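For reference, the structure is listed below as structure tokens.
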Amino acid sequence: MTEFERCLYHGRKARKLSQGEVAEKAGLTREDIISLESGRFISLDDDTIYKIAAVVDMESGMFLSMYRAAFQQELRKAHSGPPIRNGAADTSQVESVHQESALSPDLLVLGKAIMAMPSDVKENLVETIRMLVRTVSISTA
């Protein structure tokens, strides 16, 4: 159990709130809170983490730091196995890019999905993106 999970769970219990009540006050679903308390990663923006922190009476900056640490821990667990085979790329490339930059969790999930695609699908997607970039470049010139 991560520090984030412990603080969320104990903060909720100390305030005698149900998972549904925390979810409602933070603008999430009960399933989202269940996922967070059980260590299953869901991508949340900073404002949502701040809302959860306020609901469970935690300092928002510290709570955000714990969430980010839990997110990184989840990434390490997800990439601890062997590289994906059978036409899909090794997603560790995406993790290393994420660690070197400030990619949002949503962009990381998208990158991992693209890296897991079969090579021919990925090549078609890359070519489509290149065409779009050329089109945008021409129209803004």
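Starting from the Cα-Cα distance between Thr135 and Thr48, subtract it from 0.36 nm times their residue separation and give me the gain in nm to one decimal.
Roughly 27.8 nm would be gained on extension.
Provide Met58, Met1, Met117 in ascending order of the number of other Cβ atoms located within 10 Å of each residue's Cβ, fewest first. So the residues, fewest neighbours to most, are Met1, Met117, Met58. Rg ratio for region 1-78: its Cα radius of gyration over 2.2 N^0.38 Å, N being its residue count, equals 0.97. Electrostatic bookkeeping for Ser60 treats Lys and Arg as +1 and Asp and Glu as -1; over the other residues with beta carbon under 11 Å from its beta carbon, the sum is -3.
No lab work stands behind these numbers, since they all come straight from the coordinates. Keep in mind that what you see is a predicted model, and the values were worked out from it rather than measured. Using ideal geometry, Cβ is built from the backbone for each residue, glycine included, and neighbour counts are taken over all protein chains shown.
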